[in-house]
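Peer 1: Before we start, here is the structure in question, set down as structure tokens.
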Amino acid sequence: MVYNICVIGGDGIGNDVIDAGLKLLSHVNLDFDYSYAEAGYDCYLKNGTSIPHKTIEACRNADATFFGAVSSPPDIPDYKSAIVTLRKELDLFVNVRPIKSLPVEISRPNIDIIIMRENTEGMYKGIEREENGVAIAERHISEKASRRIAEFTYKYARENNRKRVTVVHKANVLRKTCGLFRRTVLSVSEKFPDIETEEVIVDAMAMRLIKEPERFDVVVTTNLFGDILSDEASQLVGGLGIAPSGNIGEKTGLFEPVHGSAPKYAGKDIANPTATFLSAAMMLDFLGEKKEGDRIRNSIFKTFAEGKRTKDLGGNLGTLAFTEAVINNLE
Ligand code: NAI
Ligand code: MG
């Protein structure tokens with residue numbers, strides 16, 4: 001079986017970490033047919049669009065997309081974030097963000113959380129306007145999208161032997177939007193009595209993630225809350241350099257590190273490729289190749305256990321040297 005993978009380096013360190021990721025994938029026991037596509041700010045400067053139609057089609061037709069990161073400059077009016085657009089266009093309705101302790105000094109122990117972030121609507125619907133000195137953003141929460149992510153979350157929990165789902169919302173204030181999300185998830189939870197369900201208000205969740213992250217298992221929430229809480233949670237286990245994600249839809253998936261393009265590190269052999277390696281492992285799981293995904297994860301663990309680290313984790317290895325070390329540890 002040959003897997004068709006669309007590869008998008010994007011901007012800044014997106015290109016560095018995807019190069020490293022492709023090197024690692026060349027040592028996996030699988031065959032890939034790669035197609036390369038453009039997106040992001042460099043693409044905008046070259047083609048006048050941050051996300052060409054051709055790129056969306058290439059991702060749509062691939063078994064999966066392997067994505068680095070893109071810059072989204074805030075000062076260009078009507079600039080479209082390439083990644084937010086791709087998630088919507090490809091209907092990648094859930095963003096799966098695992099936060100798991102690693103054998104590195106700055107990681108707290110015993111953390112194993114999966115954050116399920118709704119990925120197509122909420123505050124990122126992109127409907128904003130300015131009227132008479134007031135800027136207005138529309139927050140769209142639909143029953144359909146809420147039900148879809150809830151069902152995915154509970155099925156995932158059951159299949160992966162997880163015990164508890166925490167529903168994070170702010171329905172005490174955002175009574176309509178969060179109210180609908182909350183009601184829908186709770187109604188789906190009734191079909192899964194084997195899994196405990198609890199609710200936590202988002203601000204309390206931000207606090208409890210620091211106070212007692214060990215007690216959380218699977219977390220399901222809306223788009224903006226999931227974006228913020230997953231960056232926060234990543235810092236508990238090593239920061240953005242190690243946080244992977246999978247954007248999953250019914251037909252295809254897109255796998256990317258949680259971090260952005262960190263322009264100051266671009267092309268300098270500094271970026272930590274671990275988040276991208278773990279995203280590649282998630283991509284292999286998604287393709288049904290969990291054994292190869294585990295090989296990557298085990299190799300990363302072994303490399304950290306040997307004390308090898310990139311600079312963000314207090315070490316002295318560059319992107320390339322760390323990549324070599326992970327490749328050498330593949331069993
Ligand atoms: P960022 O994630 O690019 O970087 C924040 C800081 O985290 C960096 O300055 C660096 O210290 C550290 N960092 C991130 N990834 C790292 C890695 N692999 N290795 C070592 N250190 C790492 O976020 P920032 O600075 O807020 O945004 C930069 C650009 O990225 C913006 O244009 C933003 O729009 C875009 N962005 C894109 C995302 C995506 O493509 N999915 C996600 C987040 C931001
Ligand atoms: Mg983010």
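Peer 1: Any idea which residue in the stretch 233-242 is surrounded by the fewest Cβ atoms within 10 Å (Cβ to Cβ), counting only those that are more than 11 Å from ligand 1 (Cβ to nearest atom) and more than 14 Å from the chain's Cα centre (by Cα)?
Peer 2: Residue satisfying both the conditions and the ranking: Leu236.
Peer 1: Here's a follow-up. State which residue pairs qualify: first residue assigned by TED's automatic domain parsing to the domain that holds Asp31 and inside the stretch 1-15, second residue part of a strand (DSSP E or B) and β-branched (Val, Ile, Thr) in any location, beta carbons under 9 Å apart, and separation of 6 or more residues or different chains.
Peer 2: Ile5/Thr65; Cys6/Thr65; Val7/Thr65; Ile8/Thr65; Gly14/Ile8
Peer 1: I'd like the residue in the stretch 245-258 that is away from ligand 1 (no atom under 11 Å from the Cβ) and part of a strand (DSSP E or B) and, out of all such residues, is surrounded by the most Cβ atoms within 10 Å (Cβ to Cβ).
Peer 2: Going through the qualifying residues, I end up with Phe255.
Peer 1: Tell me, which residue of the stretch 79-113 that is closer than 19 Å to Asn298 by Cα and outside any loop (DSSP other than H, G, I, E, B) is farthest from ligand 2 (Cβ to nearest atom)?
Peer 2: Within the stretch 79-113, the match that is farthest from ligand 2 (Cβ to nearest atom) is Asp112.
Peer 1: May I pose another question? Quickly run through the stretch 243-267 and pick out the residues that are away from ligand 2 (no atom under 16 Å from the Cβ), modelled with pLDDT of 95 or more and either touching a helix residue (DSSP H, G or I) at 6+ places or on another chain (Cβ under 8 Å) or under 18 Å from Ile115 (Cα atoms) (or both). Don't jump to the end; show me each part of the working.
Peer 2: Residues of the stretch 243-267 that are away from ligand 2 (no atom under 16 Å from the Cβ), as a first pass: 248-253, 264-267.
Then drop every residue that is not modelled with pLDDT of 95 or more, which leaves 248-249, 252-253, 264-267.
Those that are away from ligand 2 (no atom under 16 Å from the Cβ), modelled with pLDDT of 95 or more and either touching a helix residue (DSSP H, G or I) at 6+ places or on another chain (Cβ under 8 Å) or under 18 Å from Ile115 (Cα atoms) (or both): Ile248, Gly249, Thr252, Gly253, Tyr265, Ala266, Gly267.
Peer 1: Is it the case that some residue within the stretch 103-124 is surrounded by fewer than 16 Cβ atoms within 10 Å (Cβ to Cβ) and either in contact with a Pro (Cβ under 7 Å, 6 or more places away or on another chain) or of a type in the set (Lys, Arg) (or both)?
Peer 2: Yes; the residues of the stretch 103-124 include at least one that is surrounded by fewer than 16 Cβ atoms within 10 Å (Cβ to Cβ) and either in contact with a Pro (Cβ under 7 Å, 6 or more places away or on another chain) or of a type in the set (Lys, Arg) (or both).
Peer 1: Moving to a separate point now. Give me the pairs: first residue in the stretch 265-277 and aromatic (Phe, Trp, Tyr), second residue more than 8 Å from ligand 1 (Cβ to nearest atom), beta-carbon distance under 7 Å, and six or more apart or on different chains, which are they?
Peer 2: Phe277/Gly21; Phe277/Leu24; Phe277/Ile296; Phe277/Ile300; Phe277/Val326
Peer 1: Let me confirm something: among Lys302, Lys308, which residue is part of a loop (DSSP other than H, G, I, E, B) and away from ligand 1 (no atom under 14 Å from the Cβ)?
Peer 2: Lys308
Peer 1: Going by the structure shown, is Gly288 without any contact (Cβ under 8 Å) to a residue 12 or more places away in the chain, closer than 22 Å to Ala64 by Cα and of a type in the set (Gly, Ala, Ser)?
Peer 2: Spelling it out, Gly288 is indeed without any contact (Cβ under 8 Å) to a residue 12 or more places away in the chain, closer than 22 Å to Ala64 by Cα and of a type in the set (Gly, Ala, Ser).
Peer 1: Next up: Sort through Ser230, Ser261 and tell me the only one that's within 16 Å of ligand 1 (Cβ to nearest atom), outside any loop (DSSP other than H, G, I, E, B) and in contact (Cβ under 8 Å) with a residue 24 or more places away in the chain.
Peer 2: Ser230
Peer 1: Which of (1) under 22 Å from Thr55 (Cβ atoms); (2) more than 11 Å from ligand 1 (Cβ to nearest atom); (3) part of a strand (DSSP E or B) is the odd one out, the single condition Val220 does not satisfy?
Peer 2: Going through (1) under 22 Å from Thr55 (Cβ atoms); (2) more than 11 Å from ligand 1 (Cβ to nearest atom); (3) part of a strand (DSSP E or B) one by one, Val220 breaks only (1).
Peer 1: Sticking with this structure for a sec: Here are some conditions: (1) under 14 Å from the mean Cα position of the chain (by Cα); (2) buried (at least 23 other Cβ atoms within 10 Å of the Cβ). Phe93 meets all but one. Which one does it not meet?
Peer 2: Failed condition: (2).
Quick grid of which residues meet (1) of a type in the set (D, E, K, R); (2) closer than 23 Å to Val237 by Cβ:
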| position | (1), (2) |
| --- | --- |
| Ala39 | no, no |
| Asn47 | no, no |
| Ile56 | no, no |
| Thr65 | no, no |
| Thr85 | no, no |
| Asp91 | yes, no |
| Val94 | no, yes |
| Gly133 | no, no |
| Ala137 | no, no |
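Peer 1: Here is a further query. Name the pairs whose Cβ atoms lie under 6 Å apart, with the first residue in the stretch 56-84 and at negative phi, the second within 12 Å of ligand 1 (Cβ to nearest atom) and of a type in the set (D, E, K, R), and 6 or more positions between them or separate chains?
Peer 2: As it stands, the answer is Phe67/Glu256; Val70/Asp11; Ser71/Asp11, since those pairs meet every condition given.
Peer 1: Give the number of residues within the stretch 116-166 that are assigned to a strand (DSSP E or B), out of contact with any Phe, Trp or Tyr (no Cβ under 9 Å at 6 or more places or on another chain) and of a type in the set (A, V, I, L, M).
Peer 2: 4
Peer 1: Spot the failing condition for Ile270; the list is (1) surrounded by fewer than 19 Cβ atoms within 10 Å (Cβ to Cβ); (2) more than 11 Å from ligand 1 (Cβ to nearest atom), and only one is missed.
Peer 2: Checking Ile270 against (1) surrounded by fewer than 19 Cβ atoms within 10 Å (Cβ to Cβ); (2) more than 11 Å from ligand 1 (Cβ to nearest atom), the one that fails is (2).
Peer 1: Still on this structure, please answer the following. Any residue in the stretch 163-170 that is under 21 Å from Val96 (Cβ atoms) and touching a Lys or Arg at 6+ places or on another chain (Cβ under 8 Å)?
Peer 2: Checked against the condition, which is being under 21 Å from Val96 (Cβ atoms) and touching a Lys or Arg at 6+ places or on another chain (Cβ under 8 Å), the stretch 163-170 yields at least one hit.
Peer 1: Let me ask something else about it. Can you find, within the stretch 291-320, the residue that is nearest to the chain's Cα centre (by Cα) among those that are free of Cβ contacts under 8 Å to residues at least 60 places away in the same chain and surrounded by fewer than 14 Cβ atoms within 10 Å (Cβ to Cβ)?
Peer 2: Per the criteria, the residue is Lys291.
The values are calculated or read from the model by the stated rules, or taken from the named source; none is laboratory data. Computed from a predicted model, the values in this text were never measured in an experiment. Heads up, the Cβs are rebuilt from the backbone with ideal geometry, glycines too, and the neighbour counts pull from every protein chain shown.
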